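Chemist: Sharing a structure with you now.
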Amino acid sequence: MQTGHQPWKEGEEAPHISRRRYIQWEGEEPSEPTYTIVLTAPSNQFVDIRILKPADQDAFNRLSEEKLKRNLRLDWAFGGQTTSSRVEDSSKKPTKCEWIHWVDNNVRYNEKAPMDAGIVYQHEEEGLSLEHGSMVNPATGKMTKYQEMWENIPMARVEGHSKWCVTARLDNPDLEAKGTIVRLAQYIHAVLRAGDTFAASIWMWEPESHSEANLENADAKLWSDVCGQETVSGRWKEVFSAGPYTIKCEAFMQPQSLEMGEELEADFGCFRIDGVWQWPGSLS
């Protein structure tokens with residue numbers, strides 16, 4: 001077993017937490033029908049989970065937090081590996097990116113996911129980027145050009161520890177099961193497919209001040225920027241889950257005890273730790 005934790009080093013791909021601000025289909029106005037957050041590790045392993053916003057916000061706000069969790073609001077969830085390369089454009093310095101879907105709620109075990117790629121431009125406002133590409137518009141079923149605006153979310157130290165990133169994968173051909181988990185700072189994203197079933201989970205570090213705030217539903221807590229506060233007092237909380245089974249993420253809350261190559265028992269097999277990074281400084 002390979003042991004030890006990897007410090008994040010200058011020059012490596014920087015881990016990052018991305019939140020989508022909007023999507024704009026060609027010929028339409030910008031809109032954001034989902035809550036979308038993507039976690040990307042220094043190894044470029046990522047998990048992207050998109051949750052549909054409620055159509056009736058008033059009715060939604062009256063629901064209890066527990067009723068919000070296990071439901072059918074999952075729009076799209078997938079994980080895999082991302083690649084990037086510079087595009088020759090001296091004026092704007094865009095990057096060509098591809099997100100290779102290793103596990104996807106719309107794709108079975110042995111099926112190949114459609115290509116997911118785009119050209120990403122850094123926005124004039126710091127921390128923002130604009131992605132251009134083409135994909136099937138779910139409203140029309142037709143391949144359509146789009147733009148997506150993304151913002152970086154600051155990564156936070158929690159419980160007084162260093163900032164951490166941990167990645168793990170599960171692959172069990174006998175059960176047609178694939179899964180991936182990424183812990184990055186204050187978030188944990190997990191996705192798991194087994195045969196015809198799929199599950200997804202989001203955990204978030206909730207500062208003590210956040211718990212006491214008047215945030216009445218899970219979505220308000222998940223998308224409030226309070227979750228980026230660096231605090232010692234607080235708790236980990238599952239703020240979204242979907243699917244017929246639970247993905248165990250508790251071990252990722254204590255990353256200092258995890259080792260490269262370690263296997264964690266789970267439904268349908270074991271998650272194998274394939275990356276553990278820590279850094280104490282100001283990387284955001």
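The values are calculated or read from the model by the stated rules, or taken from the named source; none is laboratory data. None of the values given here were measured: they were computed from a predicted structure. Neighbour counts run over all protein chains shown; Cβ positions are idealised from the backbone, glycine included.
Chemist: With the structure loaded, tell me whether S64 is surrounded by fewer than 14 Cβ atoms within 10 Å (Cβ to Cβ), modelled with pLDDT under 65 and of a type outside the set (D, E, K, R) or whether it fails that test. Before the answer, list the steps.
Modeler: Values: surrounded by fewer than 14 Cβ atoms within 10 Å (Cβ to Cβ): yes; modelled with pLDDT under 65: yes; of a type outside the set (D, E, K, R): yes.
Yes.
Each row is one residue, and each column tells you yes or no for (1) within 20 Å of I37 (Cβ to Cβ); (2) in contact with a helix residue (DSSP H, G or I) (Cβ under 7 Å, 6 or more places away or on another chain); (3) in a loop (DSSP other than H, G, I, E, B).
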position	(1), (2), (3)
P114	no, no, yes
G118	yes, no, no
E125	yes, no, yes
S129	yes, no, no
V136	no, no, no
Y146	yes, no, no
W150	yes, no, no
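Chemist: Quick check on my filter: what residues within the range 246-284 are surrounded by 15 or more Cβ atoms within 10 Å (Cβ to Cβ) and not hydrophobic (A, V, I, L, M, F, W, C)?
Modeler: T246, K248, P255, E262, D267, G269, R272, D274, G275, Q278, S284
Chemist: Is it the case that some residue within the range 77-95 is closer than 18 Å to Q24 by Cβ, at pLDDT 90 or above, touching a strand residue (DSSP E or B) at 6+ places or on another chain (Cβ under 6 Å) and surrounded by 13 or more Cβ atoms within 10 Å (Cβ to Cβ)?
Modeler: Within the range 77-95 (the criterion being closer than 18 Å to Q24 by Cβ, at pLDDT 90 or above, touching a strand residue (DSSP E or B) at 6+ places or on another chain (Cβ under 6 Å) and surrounded by 13 or more Cβ atoms within 10 Å (Cβ to Cβ)), the answer is no, since none of the residues qualifies.
Chemist: Residue pairs, Cβ under 8 Å, 6 or more apart or interchain, first in the range 132-149 and without any contact (Cβ under 8 Å) to a residue 12 or more places away in the chain and more than 18 Å from L52 (Cα to Cα), second part of a strand (DSSP E or B) and of a type in the set (G, A, S). List them.
Modeler: That search, which allows pairs on different chains as well, returns M143/S134.
Chemist: Might you let me know whether the range 153-165 holds any residue that is of a type in the set (K, R), under 30 Å from V276 (Cβ atoms) and outside any loop (DSSP other than H, G, I, E, B)? Talk me through it step by step, then tell me what you get.
Modeler: Taking the range 153-165 and keeping what is of a type in the set (K, R), we get 157, 163.
Applying the additional criterion that residues be under 30 Å from V276 (Cβ atoms) yields 157, 163.
In the following step, the residues that additionally are outside any loop (DSSP other than H, G, I, E, B) were identified as 163.
The answer is yes, given that some residue of the range 153-165 is of a type in the set (K, R), under 30 Å from V276 (Cβ atoms) and outside any loop (DSSP other than H, G, I, E, B).
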